[in-house]
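The values are calculated or read from the model by the stated rules, or taken from the named source; none is laboratory data. All figures in this text were calculated on a predicted structure; none of them were measured in a lab. Neighbour counts run over all protein chains shown; Cβ positions are idealised from the backbone, glycine included.
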Amino acid sequence: MKKRREFIKTSVAASAGLWVSGLDRAWATLPTPGTIMSIAAHPGDGMFSMGSSVAQHIANGGKGTFLSLSLGEKGHNSIPTTEYGHMQQEAMEESAKLLGAESRFLTYPDAEIPFNEEASLAVCDEIRRAKPSIIITHWEGSWHKDHKSCHEIVQYAIFYAGLKTLQRQQPAHYAGKLFYAENWEDMDEYQQDTYMDITEVFEQWQTACALFPMWRGETGFRYHDYYRSLATMRGCLSGFTHAAALMTASGQRVKNLKEF
Ligand SMILES: [Zn+2]
């Protein structure tokens, strides 16, 4: 959106000063991109599978926030969990900052994220605080129990966040759009239907990912190779240089038409 505004400003200013009042009106009517919120079980999921979409939204003039439900502290075989949790949190904070986003953390133990009312209300409160217009989270078809729990928690949290009669500290907020990210651990019946052009932010996002110790494969999976190649492959299929594939929540696939 920043670019669009700049384009309008430049082109109108170049044509005639008379159009400045028209320019102001054009700016006033442009929709603002709003906030995109990534909600992930672990920090790496947020940055690797959702981060490029968040980065692109910010580049388009929006705001971004990363919420991690746990620190993923049990993900390393040789670094003690407390130390690794600190490393993961630090990597998330630094990488989010690099993209111009904020990072938030809940404190559920890695591998033990519970799907219950307390967790759903905690995420509801985070949604009400950040007021996102778009949420990205895990697809339900995952072998990882934390990812499955996160998916379910987010469904409940969105419902609670929008429920005006549910009294919490923050007023109700309805997040209008929900997407599921493409994640190597969540591919059971995953079906992408949306491609986001991330070419502009691709290298910046890769730099942000590289702040995580696990990015180079030291926990056993080649994250760098997988997610870099995936963005290139999705770009080939969508006609962009690099792209993120997303899956739209089923309720958003309904279209009400008067004509085809
Ligand atoms: Zn994970």
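Tabulated data for the structure shown
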read-out: Looking only at segment 72-106, and only at residues there that are among the hydrophobic types (A, V, I, L, M, F, W, C) and surrounded by 22 or more Cβ atoms within 10 Å (Cβ to Cβ), the one that is farthest from Ala55 (Cα to Cα); value: Ala91
read-out: Some residue of segment 210-227 being more than 16 Å from the ligand (Cβ to nearest atom) and over 28 Å from Ser78 (Cα atoms); value: no
read-out: Total residues in segment 207-227, condition buried (at least 18 other Cβ atoms within 10 Å of the Cβ) and closer than 23 Å to Tyr180 by Cβ; value: 7
read-out: Test: Leu98 is out of contact with any His (no Cβ under 6 Å at 6 or more places or on another chain), closer than 28 Å to Glu200 by Cβ and within 14 Å of the ligand (Cβ to nearest atom); value: no
read-out: Residue tally, condition among the hydrophobic types (A, V, I, L, M, F, W, C), within 16 Å of the ligand (Cβ to nearest atom) and closer than 22 Å to Asp193 by Cβ, over segment 142-159; value: 2
read-out: Test: residue in segment 233-244 that is within 26 Å of Asn77 (Cβ to Cβ), under 16 Å from the mean Cα position of the chain (by Cα) and at pLDDT 95 or above; value: no
read-out: Failed condition for Val54, given (1) in a helix (DSSP H, G or I); (2) closer than 20 Å to Phe179 by Cα; (3) free of Cβ contacts under 8 Å to residues at least 60 places away in the same chain; value: (3)
read-out: Cβ pairs under 6 Å, 6+ apart, first in segment 175-198 and under 16 Å from Val254 (Cβ atoms), second of a type in the set (A, V, I, L, M) and in a loop (DSSP other than H, G, I, E, B); value: Leu178/Ala249
read-out: Matching residues, segment 205-260, being aliphatic (A, V, I, L, M), assigned to a loop (DSSP other than H, G, I, E, B) and free of Cβ contacts under 8 Å to residues at least 60 places away in the same chain; value: Ala210, Val254, Leu257
read-out: Residues satisfying the stated conditions in segment 179-204, i.e. part of a loop (DSSP other than H, G, I, E, B) and not β-branched (Val, Ile, Thr); value: Glu182, Asn183, Trp184, Glu185, Asp186, Met187, Asp188, Glu189, Tyr190, Gln191, Gln192, Asp193
read-out: Whichever residue in segment 124-141 is within 16 Å of the ligand (Cβ to nearest atom) and buried (at least 22 other Cβ atoms within 10 Å of the Cβ) and, among such residues, is farthest from Val54 (Cα to Cα); value: Trp139
read-out: Whichever residue in segment 151-177 is surrounded by fewer than 21 Cβ atoms within 10 Å (Cβ to Cβ) and among the aliphatic types (A, V, I, L, M) and, among such residues, is farthest from Ala244 (Cα to Cα); value: Leu166
read-out: Enumeration of residues in segment 57-79 that are more than 16 Å from the ligand (Cβ to nearest atom), part of a loop (DSSP other than H, G, I, E, B) and either within 18 Å of Leu106 (Cα to Cα) or touching a Ser or Thr at 6+ places or on another chain (Cβ under 7 Å) (or both); value: Gly62
read-out: For Tyr226: the one exception among (1) over 27 Å from Glu126 (Cα atoms); (2) in contact with an Asp or Glu (Cβ under 7 Å, 6 or more places away or on another chain); value: (2)
